[in-house]
Amino acid sequence: MADPVIITRHGTSTPTTGDLSDFQLGYDAAADTLYIRDGAAIVTLGGAAFVPYTGATGPVALGAQTLGCGAITSSSTVAGTKFLGPEVKTDTTTPTDLTITTGAAKTLLLATPVYKDINIAGYLLAKPASSAPGVDTFRSTGGTDTTIETLAFAVDEKVHGGFEFQHDYKEGTDLVFHVHWQGIAAPSGTDNVQWSLNYIVTRDGVTLAAATAFDSPDTAIDTQYRCYRTDFAAITGTNFKIGDQFMFTLSRVAATGDAYAGDALILTAGIHYQADTLDSRTITTK
């Protein structure tokens, strides 16, 4: 097949087969419309008077215009390596499911990953035999008791937990551990709460590595009953894979700045992570 050569002609009226060679483009400046000759037919490609071509070839998106055949129907087949367009609609006539069939051991892959959470309710985290947080209830504005219990952390109190990396995790990317919490005692002004994380990441068939410990930055609290989020620095995930096990100890530690004297009531704790597939291709491999 020869290399493609695009030749265009222009004028101020609709071209005829006498004006264009086969597959040559013609532009009508008066109507602002582009045409192409296909054998004995002059096919409109753009402009207000667009008439879709109903030949055998599939459509190719070009801005708001369409080159090729008319609307794709339930029996249409569009072959190619790329689809460029802002949306896929399955409700233009009768609403239908969107069925996507991939090849064996293949799946949908997001070139631009998205973020997801693995969050664990604070009340479900395991309390140690000593240095365990007490139990308190969340308070709404004005101090009304919600009757919903959770763990209430003073400085040097801790809990333990763990989870598995989900199968939509983009392997090799960083994680951000975070804690959602509420302060129900009035701060003295602008006070601070700080947390510490001690964690291990492992997988089946390997021995445990040494644990890694680091502290979060201070999170300022200046409003009674307000909820806050503390983000740790990113955990480098270069070697992390789906199915890895993340075990941790979460402790409240003394703040660097002025310390908040009240308890920090935990809502949830967990990680933000990047996802690039719906799930994994097999049970154990991405």
Would you tally the residues in segment 77-114 being of a type outside the set (A, V, I, L, M), modelled with pLDDT of 90 or more and surrounded by 10 or more Cβ atoms within 10 Å (Cβ to Cβ)?
2
Hey, Ala154 hits all of (1) surrounded by 10 or more Cβ atoms within 10 Å (Cβ to Cβ); (2) more than 24 Å from Gln274 (Cα to Cα); (3) free of Cβ contacts under 8 Å to residues at least 60 places away in the same chain but one; which does it fall short on?
(3)
Since Ile242 meets every condition but one in (1) of a type in the set (A, V, I, L, M, F, W, C); (2) more than 30 Å from Leu109 (Cα to Cα); (3) in a loop (DSSP other than H, G, I, E, B), which condition does it not meet?
(2)
Tyr228: passes all of (1) in a strand (DSSP E or B); (2) under 26 Å from Thr207 (Cα atoms) but (2)
Considering each of Val193, Val206, Val179 in turn, give the residue that is of a type in the set (Val, Ile, Thr), touching a Leu at 6+ places or on another chain (Cβ under 9 Å) and either part of a loop (DSSP other than H, G, I, E, B) or closer than 26 Å to Tyr123 by Cα (or both).
Val179
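The values are calculated or read from the model by the stated rules, or taken from the named source; none is laboratory data. Here the structure is a predicted model, which means the values were calculated and not measured. All Cβ positions, glycine included, derive from the backbone under ideal geometry; neighbour counts span all protein chains shown.
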